[in-house]
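Enquirer: Dumping the structure here so I can ask a few things about it.
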Ligand code: SF4
Ligand SMILES: [Zn+2]
Ligand SMILES: [Zn+2]
């Protein structure tokens, strides 16, 4: 069977088909298209200014490694922003060893400064501690809240102006649907990929927001990235998995569904940003109630298990 030519350069054989746009791309045009998608998202959502200091949360998975490579390339060629990688060890036995080695090597190759933080050092508890004991929520809920705090802490430590995370288009669409299913429109605010200024928080940006997960995987394979293959043993607990499966099925049947969910969710972001803020009475971090979520979770952990 004759392989169809690339619809961009018309000279090479295509290696990737995008059902949602009808493009067939050769490897060179595919790699360029990912950089273009990231650059476009940076511009459309006003993510960066010249000479920003950008902290990137790097887990060693394909998304964060793609982000690290693409953003480094874009910044070297354009804004000249400095990039610092932040690696968080959640305390999942055996899970982060492979990832840590990959992140060390990648940062060394790209000459990017790397800082490491751990849940154990920051909170004196690991995710395994939460998993082994009685708890009210899924383990991923604890992990998500503590990881967000740890990344913000790391970004503050290195005086970053922005904190970039590797959320891809699928993640964005899943989060949007999860917010709807939980009836929590207030969380839609955090989906805006350009982030916003909030006292005590480094502005979060999501430059991969328009790159589907399949494409970060293919990009990583084409670039021969070594990325973490070992899956977290708690991954099955998350409600996100059900939502992911449903969106993937819909995307298969009706290409473009994931983009539509994401774009529609942006229209649902409340116009007025909730600026009501207190200071957590335990850790002094900003919060909307008396205790921040992190302190609440740690307090519950000891209460339930005393
Ligand atoms: S699957 Fe859940 S527990 Fe495991 S790293 Fe991801 S968020 Fe944390
Ligand atoms: Zn081409
Ligand atoms: Zn607190």
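Enquirer: In the stretch 202-240, which residues are out of contact with any helix residue (DSSP H, G or I) (no Cβ under 6 Å at 6 or more places or on another chain) and farther than 20 Å from residue 18 by Cβ?
Expert: Hits for the stretch 202-240 are 203, 204, 205, 206, 224, 229, 231, 233, 235, 236, 239.
Enquirer: Sticking with this structure for a sec: Among 63, 76, 36, which is the only one that is in a helix (DSSP H, G or I) and within 16 Å of ligand 1 (Cβ to nearest atom)? Steps first, please.
Expert: Numbers: 76 fails: within 16 Å of ligand 1 (Cβ to nearest atom); 36 fails: within 16 Å of ligand 1 (Cβ to nearest atom).
When all the criteria are applied, what remains is 63.
Enquirer: Scan the stretch 282-306 and report the pairs whose first residue is on the phi < 0 side of the Ramachandran plot and whose second residue is assigned to a loop (DSSP other than H, G, I, E, B) and within 16 Å of ligand 1 (Cβ to nearest atom), with Cβ atoms within less than 6 Å and a gap of 6+ or a chain change.
Expert: That search, which allows pairs on different chains as well, returns 305/133.
Enquirer: If you don't mind, there's one more thing I want to ask. Against the conditions (1) touching a helix residue (DSSP H, G or I) at 6+ places or on another chain (Cβ under 6 Å); (2) not in a helix (DSSP H, G or I), where does residue 84 fall short? Just the number, please.
Expert: Against the list (1) touching a helix residue (DSSP H, G or I) at 6+ places or on another chain (Cβ under 6 Å); (2) not in a helix (DSSP H, G or I), residue 84 comes up short only on (1).
Enquirer: Identify, by number, the condition in (1) in contact (Cβ under 8 Å) with a residue 40 or more places away in the chain; (2) over 14 Å from residue 222 (Cβ atoms); (3) touching a strand residue (DSSP E or B) at 6+ places or on another chain (Cβ under 6 Å) that residue 24 doesn't meet.
Expert: The one condition residue 24 does not meet is (1).
Enquirer: Filtering the stretch 114-143 down to residues that are within 16 Å of ligand 3 (Cβ to nearest atom) and under 20 Å from the mean Cα position of the chain (by Cα), which residue is modelled with the lowest pLDDT?
Expert: 142
Enquirer: Here is a follow-up. Being more than 24 Å from residue 259 (Cβ to Cβ) and in contact (Cβ under 8 Å) with a residue 40 or more places away in the chain is true for just one of 2, 72, 37. Which residue is that?
Expert: After applying the criteria, what remains is 72.
Enquirer: Starting from the stretch 152-169, take each residue that is free of Cβ contacts under 8 Å to residues at least 60 places away in the same chain and list its partners that are assigned to a loop (DSSP other than H, G, I, E, B) and crowded, with 21+ Cβ neighbours inside 10 Å, counting only C-beta distances under 9 angstrom and pairs at least six apart or across chains.
Expert: Once the first residue is free of Cβ contacts under 8 Å to residues at least 60 places away in the same chain and sits in the stretch 152-169, its partners that are assigned to a loop (DSSP other than H, G, I, E, B) and crowded, with 21+ Cβ neighbours inside 10 Å give 152/202; 156/202.
The values are calculated or read from the model by the stated rules, or taken from the named source; none is laboratory data. Note that this is a predicted model, so its numbers are computed, not measured. We place every Cβ from the backbone using ideal geometry, glycine too, and count neighbours over all the protein chains shown.
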